[in-house]
Number of protein chains: 2
Amino acid sequence: MTFMLHPQLAADTVLVNEEEDLLLLMMNDRQYPWFIVVPKQDGITEWHELSEEIQIRLHLYCVRLGKAIARSFGSQKINTAALGNMVSQLHVHVIGRQQDDPAWPKPVWGHSQPIPMEEKELNTRASTLKQYFSCN
Amino acid sequence: MTFMLHPQLAADTVLVNEEEDLLLLMMNDRQYPWFIVVPKQDGITEWHELSEEIQIRLHLYCVRLGKAIARSFGSQKINTAALGNMVSQLHVHVIGRQQDDPAWPKPVWGHSQPIPMEEKELNTRASTLKQYFSCN
């Protein structure tokens, strides 16, 4: 399988988990627990370009991720979205939202510049997510 | 099954199709071919609150809808999102985007006031979508 992660996604995120068919990334932005799932298939920009089997696999993974984010970070709302207007490679945002977060109740995209984390904080956040993600 | 559509969704949209377990709505906004799918279950605000069977049913319906929007309206990109920060009742936006639409490349939510359509234009748009939706 040839697959290359879009350079913009690579620059904005850190890798949390790699599976045979997808990547779980975390945005390096302290403001939100913001994760991104990317199916490892080249040249795909829309959900309907995936096989039904992979659609279901990717969807259920994102839903499980949303549940884990809500539990890990106490998020009051989960935002799930495949947009791709800026980076067309198919990727699904799964973001934990709080009523006191900077963009609430607006969507997070384009709201404000990311606030990067130091490595220790990145690792802590990724570990917190992983702990809940592996349990449900 | 008791189910009541949130009054804000009812006010902003027209009904395009009703199935046993979901509603297909169309935003009354000339600027975008913008559809919304609502599972007919009361009190659900997150994907992970649905049974896996209904998750898959709803997801595949949205993907099929996205494909139909792309074909019906020549959309260059499909945006699919469950946000719910303003209206918590679970609803999935499936929106056709063009590089010359008013919000491009930003998301459509909160970008500009909707431009309502007359009944004839609403009916034409809904019919165009339905024609492609029933074929794929």
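The values are calculated or read from the model by the stated rules, or taken from the named source; none is laboratory data. Computed from a predicted model, the values in this text were never measured in an experiment. When we count neighbours, we look across all protein chains shown, and the Cβ atoms used for this are built from the backbone with ideal geometry, even at glycine. Just the protein is used for accessible areas: all its heavy atoms, side chains included, with ligands, DNA and RNA removed. Shrake-Rupley method; radii C 1.70, N 1.55, O 1.52, S 1.80 Å.
The listed residues are B:PRO114, B:PRO105, and the only one of them that is open to solvent by 20 Å² or more (accessible area, probe 1.4 Å), farther than 23 Å from A:ILE78 by Cβ and within 9 Å of chain A (Cβ to nearest Cβ) turns out to be B:PRO105. Residues in region B:35-60 that are in contact with a Pro (Cβ under 9 Å, 6 or more places away or on another chain) and more than 10 Å from chain A (Cβ to nearest Cβ) were compared, and the one that is farthest from A:SER51 (Cα to Cα) is B:ILE54.
Taking the stated definitions as given, is B:GLN8 open to solvent by 20 Å² or more (accessible area, probe 1.4 Å) and under 24 Å from B:HIS111 (Cβ atoms)?
yes
Residue under question is B:ILE69, and the condition is that it be closer than 23 Å to A:HIS59 by Cα, modelled with pLDDT of 95 or more, in a helix (DSSP H, G or I) and touching a Gly at 6+ places or on another chain (Cβ under 6 Å); does it hold? Judged against the criteria, B:ILE69 is a match. Apart from one condition, A:ARG57 fits all of (1) in a strand (DSSP E or B); (2) over 12 Å from the mean Cα position of the chain (by Cα); the exception is (1).
Filtering region B:71-87 to residues that are small (Gly, Ala, Ser) and within 7 Å of chain A (Cβ to nearest Cβ) leaves B:ALA81, B:ALA82, B:GLY84. Against the condition crowded, with 19+ Cβ neighbours inside 10 Å and not in a helix (DSSP H, G or I), how does A:LEU24 come out, does it pass? Judged against the criteria, A:LEU24 is a match. Within region A:88-99, the set of residues being within 8 Å of another protein chain (Cβ to nearest Cβ) and open to solvent by 10 Å² or more (accessible area, probe 1.4 Å) comprises just one member, A:SER88.
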